[in-house]
Protein chains: 2
Amino acid sequence: VNVVQAALDGDRRALARLLSWAEDGSDAGREALATLFPRSGQAHIVGITGSTGAGKSTLVNRLAAEFRQRDQTLAVVAVDPTSPYSGGALLGDRLRMRNLVTDEGVFIRSMASRGHPGGIAHATRDVVTILDAVGFPLILVETVGAGQAQVEVARVAHTVVLVEAPGMGDDIQALKAGLMEIADIIVVNKADRPEARQTVRALQSVRRSTQPAGHHGAQATASTAPTTDWEVPILQTAALDNQGVPELADTIVAHRRYLEESHRWEALHREHARAEIENWLQRHLLTRLETHIGEDRIQAWVDTVQRRECDPASAAEILLQEMLNTQQRNG
Amino acid sequence: VNVVQAALDGDRRALARLLSWAEDGSDAGREALATLFPRSGQAHIVGITGSTGAGKSTLVNRLAAEFRQRDQTLAVVAVDPTSPYSGGALLGDRLRMRNLVTDEGVFIRSMASRGHPGGIAHATRDVVTILDAVGFPLILVETVGAGQAQVEVARVAHTVVLVEAPGMGDDIQALKAGLMEIADIIVVNKADRPEARQTVRALQSVRRSTQPAGHHGAQATASTAPTTDWEVPILQTAALDNQGVPELADTIVAHRRYLEESHRWEALHREHARAEIENWLQRHLLTRLETHIGEDRIQAWVDTVQRRECDPASAAEILLQEMLNTQQRNG
């Protein structure tokens with residue numbers, strides 16, 4: 001595969017093409033992914049999520065610049081639900097990262113949250129796998145806006161950075177526990193604001209009350225307990241003034257070290273592998289249903305359920321059995 | 001099924017038991033759902049979502065009281081990621097809705113966001129189906145906190161109410177488009193605050209720029225275009241002072257009327273039916289894999305993928321084919 005080799009050789013336009021294929025869920029994308037997958041698994045994938053209005057974009061920008069000063073090559077993926085562009089919102093990328101765009105050591109990619117056949121989480125994972133495989137040792141995945149993407153970044157990342165702004169007030173307890181569960185590092189950005197200290201204190205009390213340290217959110221369930229503990233740090237940054245950014249970079253590096261020493265690194269890869277297999281199982285199944293049963297027959301069952309003549313669990317059971325029977329006859 | 005009949009006869013403890021079964025994904029729950037499903041499809045399901053700190057809980061409380069004053073029987077489901085309880089956080093319910101808890105015309109149910117085998121969205125749908133089937137004509141589904149549940153409520157609801165607080169400032173454009181897409185009604189709560197007018201103006205400009213009116217978010221794709229248009233209204237409430245709440249109740253009732261007149265009601269039911277069938281297909285498939293292939297063999301493939309010896313899409317393909325072959329031999 002020509003384009004794959006070009007991307008491996010450092011051709012950025014070839015890389016961009018591969019990423020578009022992967023985002024579109026095309027056959028070419030599937031093929032490229034299968035070819036590249038064995039080379040992946042080296043990169044440190046850092047998810048950056050959190051409240052809207054917390055200044056995430058600026059922080060990611062400064063963080064990328066900080067890593068560049070350390071001669072670290074990296075890729076930045078911005079999952080942006082407001083972007084109408086699928087396959088790389090070039091203008092947006094340039095506006096966001098004016099200072100970095102001429103730097104060969106950074107590759108920036110924006111993804112729209114719509115237009116991905118297998119869902120945004122799946123597309124993000126595929127994009128990250130490709131960037132990992134072509135050799136970026138560090139990948140920052142920023143989720144813009146609220147919603148699903150915010151939680152799902154944890155299913156791709158090794159390290160989840162939760163960014164907050166000061167002044168969330170007394171609602172913080174109810175509000176943050178859902179996201180704090182998946183955080184490995186908490187950042188209070190805009191820390192030059194007077195309310196920052198109160199926010200830090202509120203976050204500290206939520207951290208204490210929700211979760212033992214050393215976890216990695218919902219994924220850590222049962223499968224692995226860390227051998228050493230990671231106390232989720234609460235850092236303060238003022239990204240616009242570049243304050244606290246080097247400390248954040250240090251903490252991200254420290255978290256990778258912790259993951260490796262505690263063998264959480266392999267455990268996370270196993271969890272991610274399982275999630276990906278299960279996701280692909282569903283996609284394959286739906287494709288086979290379309291092929292062997294046909295859209296008309298599926299739609300007929302949807303109508304039956306809509307008329308409440310059959311419950312959805314039973315309809316699904318029947319469809320699955322029909323498909324198995326068809327395959328038996330044909331196989 | 002005894003408990004099902006008792007729940008249908010109005011026994012609240014039997015109903016609570018059914019809901020717990022459904023939440024746990026137990027066989028008893030599946031059976032109850034299959035029995036009750038034909039009776040569902042009548043209720044108006046209203047999702048209430050939006051920013052944390054916007055005062056959603058208070059607003060839902062007042063809205064429920066408003067509907068009670070109109071002699072409307074209703075159920076309230078609070079999807080609460082902060083709650084460690086699965087199967088009805090009783091204390092929390094009572095604290096949240098002190099004024100309503102002795103009222104026989106309201107049924108209140110809290111759901112933790114964890115501990116549901118098929119995911120929170122699936123559990124929410126099952127709980128709503130049961131409440132619908134036993135005869136609640138109006139069901140308010142409130143999502144607490146950020147993340148996935150917020151977006152997924154749109155896959156259960158007929159009407160999505162997005163609640164905001166004033167003072168989100170200039171970040172509102174970037175931040176809200178993701179959620180505004182799924183909103184049928186936008187509410188600026190705490191409208192007594194001085195920043196309220198600015199927030200309303202900001203929301204108006206985002207509404208204009210993102211989406212034509214008359215949609216229902218991501219679900220509306222292709223399948224149906226409404227015959228009449230629904231201009232997403234932006235209401236102002238001050239739930240603590242009970243201001244604007246009757247108008248919100250009126251607008252919710254008007255949206256149901258719009259859905260029925262535009263035939264969006266049936267279209268939504270068809271979309272929900274399809275989503276439920278696809279979700280159950282995956283659950284059945286995973287169950288069959290466990291049964292016919294076995295956890296050991298699945299785990300072996302997870303390990304193979306983790307060692308990067310096979311990509312996840314191919315591993316899933318092989319597992320699926322193995323399962324089909326096994327069924328062929330056994331069938």
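The condition (being at pLDDT 75 or above and open to solvent by 10 Å² or more (accessible area, probe 1.4 Å)) is satisfied by just one residue among B:Gln173, B:Gln198: B:Gln198.
Checking the condition touching a Pro at 6+ places or on another chain (Cβ under 9 Å) and under 30 Å from B:Val161 (Cβ atoms), which residue from B:Glu276, B:Glu266, B:Glu271 passes? None of the other options fit; the residue is B:Glu276. Yes or no: A:Leu33 among the hydrophobic types (A, V, I, L, M, F, W, C) and open to solvent by 40 Å² or more (accessible area, probe 1.4 Å)? Considered against the rule, which asks whether it is among the hydrophobic types (A, V, I, L, M, F, W, C) and open to solvent by 40 Å² or more (accessible area, probe 1.4 Å), A:Leu33 comes out as no. In this entry, A:Ala133 is excluded by the filter for residues that are at pLDDT below 90, of a type in the set (A, V, I, L, M) and under 27 Å from A:Glu278 (Cα atoms).
Could you tell me how many of the residues in the stretch A:201-225 are among the hydroxyl-bearing types (Ser, Thr, Tyr), at pLDDT below 60 and open to solvent by less than 50 Å² (accessible area, probe 1.4 Å)? Lay out the reasoning, then the answer.
Going through the stretch A:201-225, the residues among the hydroxyl-bearing types (Ser, Thr, Tyr) turn out to be A:205, A:209-210, A:221, A:223-224.
Those left that are additionally at pLDDT below 60: A:209-210, A:221, A:223-224.
Filter again for open to solvent by less than 50 Å² (accessible area, probe 1.4 Å), leaving A:224.
Going through the stretch A:201-225 one residue at a time, the tally reaches 1.
Scanning the stretch B:19-60 for residues that are touching a residue at least 12 places away in the same chain (Cβ under 8 Å), farther than 17 Å from B:Val79 by Cα and either of a type in the set (Lys, Arg) or away from chain A (no Cβ under 14 Å) (or both) returns B:Arg39, B:His44. Here the stretch A:234-255 is the region considered, the condition is being open to solvent by 60 Å² or more (accessible area, probe 1.4 Å) and part of a helix (DSSP H, G or I), and the residue that is nearest to B:Ile298 (Cα to Cα) is A:Val253. Being at pLDDT 95 or above, open to solvent by less than 10 Å² (accessible area, probe 1.4 Å) and among the aliphatic types (A, V, I, L, M) is a description that applies to A:Leu74. Can you find a residue that is in contact (Cβ under 8 Å) with a residue 60 or more places away in the chain and farther than 17 Å from A:Val46 by Cα anywhere in the stretch A:250-271? No, because not a single residue in the stretch A:250-271 is in contact (Cβ under 8 Å) with a residue 60 or more places away in the chain and farther than 17 Å from A:Val46 by Cα. With respect to being closer than 30 Å to A:Gly167 by Cβ, at pLDDT below 85 and open to solvent by 50 Å² or more (accessible area, probe 1.4 Å), B:Leu90 falls outside the description. When A:Ile293 is tested against (1) within 30 Å of B:Ile277 (Cα to Cα); (2) out of contact with any Leu (no Cβ under 6 Å at 6 or more places or on another chain); (3) facing chain B (nearest Cβ under 10 Å), only condition (3) is not met. Could we say that B:Ala267 is part of a helix (DSSP H, G or I), more than 8 Å from chain A (Cβ to nearest Cβ), in contact with a Ser or Thr (Cβ under 6 Å, 6 or more places away or on another chain) and surrounded by 16 or more Cβ atoms within 10 Å (Cβ to Cβ) here? For B:Ala267, the condition - part of a helix (DSSP H, G or I), more than 8 Å from chain A (Cβ to nearest Cβ), in contact with a Ser or Thr (Cβ under 6 Å, 6 or more places away or on another chain) and surrounded by 16 or more Cβ atoms within 10 Å (Cβ to Cβ) - is met.
Of all residue pairs spaced 6 or more apart or on separate chains, those with beta-carbon atoms under 8 Å, a first member in the stretch A:300-321 that is within 7 Å of chain B (Cβ to nearest Cβ) and at positive phi and a second member that is surrounded by fewer than 21 Cβ atoms within 10 Å (Cβ to Cβ) and not in a helix (DSSP H, G or I) are A:Arg308/B:Ser40; A:Arg308/B:Gly41.
The values are calculated or read from the model by the stated rules, or taken from the named source; none is laboratory data. Remember, it's a predicted structure, so these values are computed and weren't measured experimentally. Note that we place each Cβ from the backbone using ideal geometry, even for glycine, and neighbour counts take in every protein chain shown. Protein only, heavy atoms only, side chains kept; ligands, DNA and RNA dropped before computing areas. Shrake-Rupley method; radii C 1.70, N 1.55, O 1.52, S 1.80 Å.
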